[in-house]
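The values are calculated or read from the model by the stated rules, or taken from the named source; none is laboratory data. Everything numeric in this text was worked out from a predicted model, so none of it was measured. Neighbour counts run over all protein chains shown; Cβ positions are idealised from the backbone, glycine included.
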Amino acid sequence: MLLTLDLNDPRPLHEQVAGAIRRAIGDGSYAAGDRLPPARDLADALGINANTVLRALRELRDEGLLEFRRGRGVSVAGVPTGRALIVQRARDLLEEAKKYGYSRDDLIDVLKELP
Amino acid sequence: MNRALTAAGIWGLIVTAVLVSVPLALRDRLPDPLATHWSGAGPDNHMSFTQNLLFTVAMALVALAIMVGVALHGKAFERRLSRAYWWGFLVGWGLFVIGMELSIVYSNLDVSDWTRARPLGWGVAATMAVAAAGGVLAGYLLRGAPDQAPEPGEAPPRLRLKAGQRSVWVSRVSNAWLAALAVVSGVGALVLGVSTALGLMEGAASGLLGVSVILLVAGLLTSSATVRITQDGVAMGFGPLGWPVRRIRLSKIESAWSEVRHPSQVGGWGLRGVPGMAAIMLRGGDCLVLRYHSGGQLVVSIDDAARGAALLNALLAERVGR
């Protein structure tokens, strides 16, 4: 699982970690049913607290992207993983739009104008 | 490989010829049944002349059939190390069976009855030594050309790293069979340990206890592994607890790539090889290969190895660029 964090990103760390995991699942490195590496290993590699990673994993579980199972750890749920990537890209786009003063509705208008 | 199969056939014929002709030539001077097993006190088991002959020939031919099967399976000859293992075992095992047969014949020679057979003595040690030496020599001589390095023109995969970003790669691999081995030997160790403590067993059982504890530890350590690649280098954790950890600094690594490797190419499952050409082989398939500046290699069977190699190469390039 390839995870990338932007060191200048002002968003809370757990949101960034959730985003990185969404991207990793979305780009096809994990299929439905695959087990994720242990949260402790992810935290260790990223140099952050394990609780931050766990919080990100719980958010993704609530989104329906991940499944927690006793004894089997955390695995990718049976949702289409492409959607996870689109959701993440949309989030990033919204963030970017806000930076330049565009609202959510402005962004929707931009999307509608696209062919 | 055809050369290997021809050689295996000829070697099988030679071994069988020796195993059949030597006892037959000396049949008049041998008792029937023959002493075939010894304990500290002297011979303690016997077989008829024919049974012993068939048994030794079967020992040689079954092993030969397995080796031919391994060769036909195809992957065993792709790597130098597995070629060395193949030839070494083929020759070593043949010599071992011949040595065993000769020791039995020598001990039974000119005795009136199997109970009077001479002790094996140095025959066992000589058989082991000759078989091991023959195997090592055959493996060394017939290991063939060194493994091909990746094609020089081919650029290793590399990821684009942006300034102000931190990229890490984490992956894990597990083998349910090795985990099951650990569980079974754990239960075995517990049963043997309790029985020994209660005085129900002694002697041989305590020896088995040691073996099952070793199997438990080996099984646990190789049941799963995680690999982390960060700007600090590569860290590999073994076992369900991710401990012990082996760390490799970036400065020691020259490049990385992913490759499909199989346990038959590195000599089996688990931690294999010697430093410089080691393998951490938990399952066949996608492997991460690290090449050191010293020229050595480390192979780790791990999922998603291509992305890990790409990140590692990017981190290495960044290091050089700085």
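Looking only at segment A:28-56, how many residues end up being more than 9 Å from every other protein chain (Cβ to nearest Cβ) and touching a residue at least 24 places away in the same chain (Cβ under 8 Å)? Outline the logic, then answer.
Step one: list which residues in segment A:28-56 are more than 9 Å from every other protein chain (Cβ to nearest Cβ), which gives A:28, A:31-33, A:39, A:43, A:48-56.
Add one more test, that the residue is touching a residue at least 24 places away in the same chain (Cβ under 8 Å), and what stays is A:28, A:31-33, A:39, A:48, A:52-53, A:55-56.
The number of residues fulfilling the criteria is 10.
Could you tell me whether segment B:176-188 includes any residue that is more than 11 Å from chain A (Cβ to nearest Cβ), under 30 Å from B:Leu312 (Cα atoms), in contact with a Phe, Trp or Tyr (Cβ under 7 Å, 6 or more places away or on another chain) and touching a residue at least 12 places away in the same chain (Cβ under 8 Å)? Within segment B:176-188 (the criterion being more than 11 Å from chain A (Cβ to nearest Cβ), under 30 Å from B:Leu312 (Cα atoms), in contact with a Phe, Trp or Tyr (Cβ under 7 Å, 6 or more places away or on another chain) and touching a residue at least 12 places away in the same chain (Cβ under 8 Å)), the answer is yes, since at least one residue qualifies.
Can you name every residue in segment A:27-58 that is within 24 Å of B:Ala314 (Cα to Cα), at pLDDT below 85 and in contact with a Ser or Thr (Cβ under 6 Å, 6 or more places away or on another chain)? Once the filter is applied, which keeps residues that are within 24 Å of B:Ala314 (Cα to Cα), at pLDDT below 85 and in contact with a Ser or Thr (Cβ under 6 Å, 6 or more places away or on another chain), segment A:27-58 yields nothing. Do we have any residue at all in segment B:52-67 that's in a loop (DSSP other than H, G, I, E, B) and surrounded by fewer than 16 Cβ atoms within 10 Å (Cβ to Cβ)? So far as segment B:52-67 goes, no, none of its residues is in a loop (DSSP other than H, G, I, E, B) and surrounded by fewer than 16 Cβ atoms within 10 Å (Cβ to Cβ).
Please work out if B:Ala256 is over 27 Å from the mean Cα position of the chain (by Cα) and in contact (Cβ under 8 Å) with a residue 12 or more places away in the chain. No: the conditions fail for B:Ala256.
Condition first: over 11 Å from the mean Cα position of the chain (by Cα), over 19 Å from B:Thr230 (Cβ atoms) and within 14 Å of chain B (Cβ to nearest Cβ). Can you find one or more residues in segment A:91-110 that meet it? The answer is no; no qualifying residue exists. Residues in segment B:1-31 that are over 30 Å from B:Ser82 (Cα atoms) and either surrounded by 14 or more Cβ atoms within 10 Å (Cβ to Cβ) or β-branched (Val, Ile, Thr) (or both): B:Val20, B:Val22, B:Pro23, B:Leu26, B:Leu30, B:Pro31. Against the conditions (1) in a loop (DSSP other than H, G, I, E, B); (2) modelled with pLDDT of 85 or more; (3) touching a helix residue (DSSP H, G or I) at 6+ places or on another chain (Cβ under 6 Å), A:Val17 satisfies every one except (1).
For A:Arg22, state whether it is surrounded by 15 or more Cβ atoms within 10 Å (Cβ to Cβ) and in contact with a His (Cβ under 9 Å, 6 or more places away or on another chain).
Details: surrounded by 15 or more Cβ atoms within 10 Å (Cβ to Cβ): yes; in contact with a His (Cβ under 9 Å, 6 or more places away or on another chain): no.
So A:Arg22 fails the test.
Counting the residues of segment B:217-262 that are in contact with a Lys or Arg (Cβ under 8 Å, 6 or more places away or on another chain), outside any strand (DSSP E or B) and crowded, with 20+ Cβ neighbours inside 10 Å gives 1. Could you list, in sequence order, the residues of segment B:269-318 that are of a type in the set (Val, Ile, Thr) and within 12 Å of chain A (Cβ to nearest Cβ)? Result: B:Ile302, single match.
Within segment A:40-51, being out of contact with any Lys or Arg (no Cβ under 7 Å at 6 or more places or on another chain) and surrounded by fewer than 19 Cβ atoms within 10 Å (Cβ to Cβ) holds for A:Arg40, A:Gly47, A:Ile48, A:Asn49, A:Asn51.
A:Asn8 meets each of the listed conditions (1) touching a Lys or Arg at 6+ places or on another chain (Cβ under 8 Å); (2) surrounded by fewer than 16 Cβ atoms within 10 Å (Cβ to Cβ); (3) at the interface with chain B (Cβ under 8 Å from one of its Cβ atoms) apart from (1).
Elements of the type strands (runs of 3 or more DSSP E) sitting completely within segment B:265-322 and holding at least 3 residues that are modelled with pLDDT of 80 or more: these cover B:277-281, B:285-292, B:297-301.
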